[in-house]
Amino acid sequence: MFNWTKKGNVFDPTHVTDRTWLKEFAQAPATLVFDDVVRVYFSCRPNRDENGQYASYSSFLDLDRADLTKVINIAENPILSLGKKGTFDEFGTYPVSVIKINEDTIYAYYAGWTRCVSVPFNTAIGMAISTDKGKTFNKVGEGPVLSYSFDEPFVLSGPKVRRFNNKFYMFYIAGTKWIKTDGIPEPVYKIRLATSEDGYNWKKHNKQLINDKIEEDEAQASPDVIFANGKYHMFFCYRKSLNYRGKEGGYRIGYAYSIDLENWTRDDSKAGMGVSNSGWDSEMVSYPHVFELDGKTHMLYLGNQVGRYGFGLATLNGIL
């Protein structure tokens, strides 16, 4: 089992008072490493509108590279505007994954949200590009770069993009069904894979990567993959299909490994990241992002209520 030392809740958005678009939630953290800071991208929400509806924005903050528990800057604005009326990202950009292409160019992939009638929402995956070191991004187009298809009919979200062997790998989730609990539709989604030579044109592999463990309708999310010691390590999260907003059925962090990025062996007992006895992550842990920095491996992750009170940090003792 991997052994992580939790460093606590690094950023709580409810403490921010001077940004109207940032009132609660700091979800799906993803990093870019610079010489003096580690930039953490996340998705957040302003207060609900007059109809009780949320919007979602993506932005970033900077952590001190020498002390990852210290926030030294919060962006003044979101990195992306919401889409035009009727577009796939009209109501939200969440979550976001970033990847540095060269010193001048950074790609971002994000889930765009649109509201529906029979179910609350649908999502597809968009792409944007930054040429100012990740401070602002311009969308490649008004439509998604990865969208619904015969095999994946709805809810494409949670992109995590990595480059291995000069190829882009996008690990993401796709919906399989909607089920109802107390009359409310809830999505079931599984981890999938697409690959690309250029980051623009993607080929779906049309298979569920991670087998189910707790039940057939478990939901899986946030598949983050890192290569170390001859194999690929995936940290992800999973939850029960119903009654998952509390401790009993809430998100937990899972683990799988592979030697070819296609075939994965799931072994959640090795993940080493459970809920705490009390505090901000005592009910759930989710949306892990794993990165290496100065010889150490770190994980950013969400706590209770799927990041309503921000994200925390854990550091691996030993190696992957």
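Just a few scattered comments:
Each row is one residue, and each column tells you yes or no for (1) more than 19 Å from Met127 (Cβ to Cβ); (2) free of Cβ contacts under 8 Å to residues at least 12 places away in the same chain.
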residue: Asp198; (1), (2): no, no
residue: Lys203; (1), (2): no, yes
residue: Lys207; (1), (2): yes, no
residue: Asn211; (1), (2): yes, no
residue: Glu218; (1), (2): yes, no
residue: His233; (1), (2): yes, no
residue: Phe236; (1), (2): yes, no
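- Within the set Gly230, Gly274, Gly246, the sole residue that is closer than 16 Å to Gly307 by Cα, out of contact with any Lys or Arg (no Cβ under 9 Å at 6 or more places or on another chain) and surrounded by fewer than 19 Cβ atoms within 10 Å (Cβ to Cβ) turns out to be Gly246.
Per-residue answers, yes or no, for (1) out of contact with any helix residue (DSSP H, G or I) (no Cβ under 6 Å at 6 or more places or on another chain); (2) among the β-branched types (Val, Ile, Thr); (3) in a loop (DSSP other than H, G, I, E, B):
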{"residue": "Asn9", "(1), (2), (3)": "yes, no, no"}
{"residue": "Phe25", "(1), (2), (3)": "no, no, no"}
{"residue": "Asp35", "(1), (2), (3)": "yes, no, yes"}
{"residue": "Gly52", "(1), (2), (3)": "yes, no, yes"}
{"residue": "Ser59", "(1), (2), (3)": "yes, no, no"}
{"residue": "Leu63", "(1), (2), (3)": "yes, no, no"}
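- Only residues that are surrounded by 15 or more Cβ atoms within 10 Å (Cβ to Cβ) and either over 16 Å from the mean Cα position of the chain (by Cα) or at positive phi (or both) were counted across the range 42-70, and they come to 7.
- Restricting attention to the range 95-139 and to residues that are without any contact (Cβ under 8 Å) to a residue 12 or more places away in the chain and assigned to a loop (DSSP other than H, G, I, E, B), the residue that is surrounded by the most Cβ atoms within 10 Å (Cβ to Cβ) turns out to be Cys116.
- Within the range 249-267, the set of residues being open to solvent by 20 Å² or more (accessible area, probe 1.4 Å) and not in a strand (DSSP E or B) comprises Ile259, Asp260, Glu262, Asn263, Trp264, Asp267.
- Checking Arg19, Arg39 one by one, the residue that is of a type in the set (D, E, K, R), open to solvent by less than 30 Å² (accessible area, probe 1.4 Å), modelled with pLDDT of 95 or more and touching a strand residue (DSSP E or B) at 6+ places or on another chain (Cβ under 8 Å) is Arg39 and no other.
- Tally of residues being in contact with a Gly (Cβ under 7 Å, 6 or more places away or on another chain) and exposed (fewer than 14 other Cβ atoms within 10 Å of the Cβ) across the range 277-297: 0
- The residue pairs whose first member lies in the range 68-93 and is without any contact (Cβ under 8 Å) to a residue 24 or more places away in the chain, whose second member is assigned to a strand (DSSP E or B) and of a type outside the set (Asp, Glu), and whose beta carbons are closer than 7 Å, counting only pairs six or more residues apart or on different chains, are Lys70/Leu63.
- Among the residues listed as Ser97, Ser130, the single one being closer than 17 Å to Thr195 by Cα, of a type in the set (Ser, Thr, Tyr) and at pLDDT 95 or above: Ser97
- Selected residue (criterion: surrounded by the fewest Cβ atoms within 10 Å (Cβ to Cβ)) from residues of the range 298-320 that are touching a Gly at 6+ places or on another chain (Cβ under 9 Å) and among the hydroxyl-bearing types (Ser, Thr, Tyr): Tyr309
The values are calculated or read from the model by the stated rules, or taken from the named source; none is laboratory data. Every value quoted in this text rests on a predicted model; they were computed, and no experiment measured them. Cβ sites come from the backbone with ideal geometry, for glycine too, and all protein chains shown count toward neighbours. Each accessible area value is taken on the protein alone, full model and side chains, heavy atoms only, with ligands, DNA and RNA left out. Shrake-Rupley method; radii C 1.70, N 1.55, O 1.52, S 1.80 Å.
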